[in-house]
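K.L.:
Would you mind keeping the following structure in view while I ask a few things?
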Amino acid sequence: MNRTIRRLNLAEIQTLLDWAAAEGWNPGLDDALPFQAADPDGFLGAFVDQQMVAGISAVAYDDHFGYIGLYICHPDWRGQGHGKAVWDAAMAYLGDRTIGLDGVKEQQANYARMGFVPAHETIRMSGTLADKSAGDQMLAVGYLDDLRTLDRQCFPASRQAFLRHWLAPPRISLVHRTGGAIDGYAVSRSCRDGSKIGPLFATTIDAAADILATRSGLIHLDVPAEQTAWLQVLSRLGFVGGFTTRRMYRGKPPTLPMHRIFGVTSLELG
């Protein structure tokens, strides 16, 4: 068997996302380009005779923080060491950075044995909201610098290359302003099933609720479990909890204002 490990191109990242969809992870319809922009060297695949058999994302946001996601071996090639091969390559690429991931319950013990420590649980909340107009919540270019400031407060590293794409169409970016100052923002993107909102960062629960109120249709959010008041708001709106993951870190965990994180950006990139 002639196995090679190499960086994925954009089309191959899309293939990996299609595999994620087949696993039921419901990625966004247009995730490949912004994901690649986060770290063009951070998507790795195992290939046998030029056929991709496993893949992983290992995004190095800066010299101190990285994130693991999209760790998948194609079902036809499991049990042959391909998954471990891309995992080892990803960990080598990220080196001594603090590394985060969102682990499903079945894999959390494995990640713990590799040095990952649980930080918090994340709950997939899903619900359907009535049709309405987003009004003047739509993002204007002039707010980008302010959004980057809020984003950096709620995320462990600067991610400007990623945000340039994530905040652009076809995704819908939303802002909340109080007294002219931005105190919340979110991004909504179409998925195979409904849409996902992420991130949803806000300084108050009222700002988060106002942003959510602009959306309609089937919506999914990945919410930190410690956001108990926010989970109650979502429950009153008819949202129900689905699967859970656990945010885990290897290395010194970042200190984040969890009370401002009403929805994580994505389970794939943190």
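The values are calculated or read from the model by the stated rules, or taken from the named source; none is laboratory data. Just so it is clear, the model here is predicted, and its values are computed rather than measured. Please note: Cβ atoms are built from the backbone with ideal geometry, for glycine as well, and neighbour counts cover all protein chains shown. Just the protein is used for accessible areas: all its heavy atoms, side chains included, with ligands, DNA and RNA removed. Shrake-Rupley method; radii C 1.70, N 1.55, O 1.52, S 1.80 Å.
K.L.:
Taking the Cα centre of segment 1-98 as origin, sum charge times position over the Cβ atoms of Lys and Arg (+1) and Asp and Glu (-1), and report the length of that vector in debye to the nearest 20. Don't jump to the answer; show the numbers that get you there.
P.N.:
Numbers: 6 positive and 13 negative charges, 67 e Å.
I would put it at about 320 debye.
K.L.:
In addition: Share of antiparallel DSSP beta bridges in segment 44-125, in percent to the nearest 5?
P.N.:
For segment 44-125, the DSSP antiparallel bridge percentage is about 80.
K.L.:
Would you kindly give the portion of the calculated P(r) for segment 106-242 that falls above 26 Å, as a percent of all Cα pairs? Intermediate values should be presented prior to the final figure.
P.N.:
Details: 2519 of 9316 pairs.
Of all Cα-Cα pairs in segment 106-242, 27 percent lie more than 26 Å apart.
K.L.:
Oh, and also: Could you pull the Rg and Dmax for segment 25-70, using just the Cα atoms, both in Å?
P.N.:
11.9, 35
K.L.:
Let me spell out the model: positive unit charges on the Cβ of Lys and Arg, negative unit charges on the Cβ of Asp and Glu, origin at the Cα centre of the chain. What dipole size does that give, in debye rounded to 20? The partial results should precede the final answer.
P.N.:
Details: 26 positive and 28 negative charges, 69 e Å.
About 340 debye.
K.L.:
Pop a pseudo-label 7 angstrom from the Cα along the beta-carbon direction at both residue 190 and residue 78 and give the gap in nm to one decimal.
P.N.:
3.1
K.L.:
Could you provide, to the nearest whole Å², the per residue accessible area of segment 34-94 with probe 1.4 Å? Spell out each step's value before the answer.
P.N.:
On the way: 2260 Å² over 61 residues.
Normalised by residue count, the accessible surface of segment 34-94 is 37 Å².
K.L.:
May I ask you to give the percent of accessible area on the chain that is carbon plus sulfur, with a probe radius of 1.4 Å?
P.N.:
Working: 6010 of 11790 Å².
It is 51 percent, rounded to a whole number.
K.L.:
Please list, by residue number, everything in segment 3-45 whose backbone N is under 11 Å from a paramagnetic label point 7 Å out along Cα→Cβ of residue 164.
P.N.:
37-38
K.L.:
Going by amide H atoms built from the backbone, whose H comes under 5 Å of the H on residue 243, apart from near neighbours?
P.N.:
HN-HN under 5 Å from residue 243: 124.
K.L.:
Next up: Work out the P(r) tail for segment 1-147: percent of alpha carbon pairs separated by more than 24 Å, whole number. Please report the intermediate quantities before stating the final value.
P.N.:
Details: 4462 of 10731 pairs.
Looking at segment 1-147, the distances longer than 24 Å represent 42 percent of pairs.
K.L.:
Quickly rank 204-210, 181-187 as a protection proxy: mean count of other C-beta atoms within 10 Å, highest first. Could the numbers behind the result be given before it?
P.N.:
On the way: 204-210: 18.7, 181-187: 21.9.
Per-residue mean Cβ counts within 10 Å order the peptides as 181-187, 204-210.
K.L.:
Of the peptides 212-225, 70-83, 102-115, how do they stack up when ordered by the mean number of other Cβ atoms within 10 Å, highest first? Provide the component values of the computation, followed by the final result.
P.N.:
Values: 212-225: 19.4, 70-83: 16.9, 102-115: 13.9.
Per-residue Cβ counts within 10 Å, averaged per peptide and sorted highest first, yield 212-225, 70-83, 102-115.
K.L.:
Can you give the relative contact order of segment 15-146 as a percent, counting alpha carbon pairs under 8 Å and 6+ residues apart? Please report the intermediate quantities before stating the final value.
P.N.:
Numbers: 134 pairs, mean separation 22.8, N = 132.
Dividing the mean separation by the residue count of segment 15-146 yields 17 percent.
K.L.:
If you don't mind, another one. I need the phi-derived Karplus couplings for segment 94-106: 6.51 cos²θ - 1.76 cosθ + 1.60, θ = phi - 60°, integer Hz, Gly and Pro marked x.
P.N.:
Values, residue by residue: 7, x, 8, 5, 5, 10, x, 7, 10, x, 6, 4, 5 Hz.
K.L.:
To continue, here is another question. Report the label-to-label distance for residue 237 and residue 106 in nanometres (one decimal), using points 7 Å from each Cα along the Cα→Cβ vector.
P.N.:
Roughly 3.1 nm, to one decimal.
K.L.:
If contacts are Cα pairs under 8 angstrom and at least 6 residues apart, what is the relative contact order of the chain in percent?
P.N.:
Values: 544 pairs, mean separation 65.2, N = 270.
Answer for the chain is 24 percent.
K.L.:
With every protein chain present, what is the per residue accessible area of segment 176-270 (1.4 Å probe, Å²)?
P.N.:
Numbers: 3630 Å² over 95 residues.
Value for segment 176-270: 38 Å² per residue.
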